[in-house]
Amino acid sequence: MRHTVSAGVVTALVGFLGASVVVLTGLRGVGASTGQAASGLLALTVTQSLGTIWLSRRHRIPVVLAWSTPGAALLASTGAVHGGWPAAVGAFLIVGGLILLTAAWPRLGDLIAAIPTPIAQAMLAGVLLELCLAPVHGLATQPALVAPVVVAWLLLLRFAPRWAVPGAFVVTVAAIGIWLGLHGGLSGPLLPRAELTAPAWTWASVLSLAVPLFVVTMASQNVPGVAVLSSYGYTAPWREAMTVTGLGTLAGAGAGGHAINLAAITAAMAASPDAHPDPRRRWLVAQATGCTGLVLAAGSTVLVTVVAAAPAGVTSAFAGLALLATLASSLTGALAEPADRIPAVVTFVVAGSGVTILSVGAAFWALAAGLAVRSVLSGPLPAGLLGQPSRAPRLPLPTSRAEATPTQDDPPRSAR
């Protein structure tokens, strides 16, 4: 039992320390004040912890929920939209509704899964690019504070990869603490408090935030989360997981939480033999993870106060280091298929440009551009062009009734 509890505590710490600064960067990026960002981190930590406890206990499998880290990076790259923070909260509510709709109507999950993987991964890579450049800028502007963080991250990545990001987080906080000690100390709220915001809806927030955030959360978090559990011999309760994460996102949106979803990295930590030798007992690790998350939620406001007091560029440099592995994975997925490399590169370039057209952010236009280029390059040639007759593409036909009509509880095809 001691080993089970310690494994759960480590899983929660890795998840919280590794991505909390990314979440804060994203929330501040779309217009949240320091108090609203603290409220959002609190809401996300509480809802994902309660959802983890519920799902793992109900199904007796190591289901772990997490906040959408790629989604937070999307918020940071998109920036404030027309309507400000209330419009961002309205977008979070739409995302929760769409996730809940996925539970009731699995075809919506199939539509997301139908987006070509290179396009989805290229959009995510473009979204991450600006944040991943932050360590370079940080080394140029704050070398005394950022260099120790980079060195700690690199050494831990070599000798203890699991602790590379949490260790860099600890060094970041220590560096900020030393700086604050030399510049007047820490001031600000320390006790957790939820700040509710009345939502607003604009077309810009729906297209710039809600749609890309839903796509990123589903394609980069929920589907891989199902695959991770499957790799360890567990069948994810897809429909109930979407129900719980959808309701959790809706419950936390008013307080500033952008989205919760199935975890991938921390799910692997809870589901692996290292967590517990008996697969039937690993759900207890997820229970310990959820309980630890509730404890960590109590310190969310302290973390936000420290981050808000830090010199410009220090916390964003850590956030960039934390996302480098995700960027590498996204680029690999985007360029894996030779036939889709040009559409993927177009998607990546548009997403990385940060361009805003008609008040709509780059992530939406990146998806649209990538899909359009792919359609042009992969479509049939006009009849007689270069002497070749036009032939319509042949679509694979279902081989059985079960394949033609998936049951309501089925996850998207790419999740199976």
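With all pairs of different alpha carbon atoms counted, what Kirkwood hydrodynamic radius in Å does region 301-353 show? Present the calculation step by step, with values, prior to reporting the outcome.
Values: mean 1/r = 0.0744 Å⁻¹.
Kirkwood hydrodynamic radius for region 301-353: 13.4 Å.
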Accessible area of His3, 1.4 Å probe, to the nearest 10 Å²? 100 Å²
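How long are the three semi-axes of the equivalent ellipsoid for region 1-136, computed from the Cα gyration tensor as the root of 5 times each eigenvalue, in whole Å, largest first?
Working: eigenvalues 133, 89, 57 Å².
For region 1-136, the ellipsoid semi-axes come out as 26, 21, 17 Å.
If you take the C-alpha gyration tensor of the chain, multiply each eigenvalue by 5 and take the square root, what semi-axes do you get, largest first, in whole Å?
Numbers: eigenvalues 234, 141, 87 Å².
Ellipsoid semi-axes (Å, largest first): 34, 27, 21.
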Scan the chain and note any complete DSSP helix (H) whose C-alpha atoms cover at least 15 Å along its axis and whose Kyte-Doolittle average is -1.0 or more. 2-29, 34-59, 84-104, 117-132, 143-159, 164-182, 238-253, 283-297, 314-334, 341-353, 362-378
What are the semi-axes of the equivalent ellipsoid of region 201-312, taken as the square roots of 5 times the eigenvalues of the Cα gyration tensor, listed largest first and rounded to whole Å? 28, 21, 13
Provide Rg and Dmax in Å for region 41-95, with only Cα atoms included in the calculation. 14.3, 44
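Below 8 Å, C-alpha to C-alpha, sequence gap of six or more: please give me the relative contact order for region 224-310 in percent. Please list the in-between numbers first.
On the way: 48 pairs, mean separation 19.1, N = 87.
So the answer I get is 22 percent.
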Mean separation of Cα contacts under 8 Å (6+ apart) over length of the chain, as relative contact order %: 34 percent
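Treat region 73-209 as a sphere of radius equal to its Kirkwood radius over Cα pairs and apply Stokes-Einstein at 20 °C in a medium of 1.002 mPa s; give the translational diffusion coefficient in µm²/s, rounded to a whole number. Walk me through the numbers before you get to the answer.
Details: Rh = 18.8 Å.
It diffuses with D of about 114 µm²/s by this estimate.
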Cα extents of region 162-236 along the three principal axes, largest first (Å): 50, 41, 22
Output needed: percent of Cα pairs per 10 Å distance bin for region 193-263, bins running from 0 to the one holding the longest distance. 18, 43, 28, 10, 1
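With a ≥ b ≥ c taken as the square roots of the eigenvalues of the C-alpha gyration tensor of region 88-146, please select rounded if a/c is under 1.5 and otherwise prolate if a/b is larger than b/c or oblate if it is not? It would help to have the intermediate numbers written out before the result.
Working: a/c = 5.05, a/b = 2.16, b/c = 2.34.
In terms of gyration-tensor shape, oblate.
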When the Cα centres of region 323-360 and region 27-63 are compared, how far apart do they sit, in Å? 28 Å
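Quick check: at a probe of 1.4 Å, how many percent of the accessible area of the chain sits on carbon and sulfur atoms? Spell out each step's value before the answer.
Numbers: 12270 of 18280 Å².
Carbon and sulfur: 67 percent of the exposed surface of the chain.
Quickly estimate the mean residue ellipticity at 222 nm for the chain, helices only: each DSSP H run with n ≥ 4 gives -39500 (n - 2.57), and the total goes over all residues, rounded to 500. Show your work: numbers first, answer last.
Numbers: 19 runs with 272 residues, N = 416.
Here the helix-only value at 222 nm equals -21000 deg cm²/dmol.
The values are calculated or read from the model by the stated rules, or taken from the named source; none is laboratory data. Quick caveat, the model's predicted, so the values are computed rather than measured. These accessible areas exclude ligands, DNA and RNA; they are computed on the full protein's heavy atoms, side chains included. Shrake-Rupley method; radii C 1.70, N 1.55, O 1.52, S 1.80 Å.
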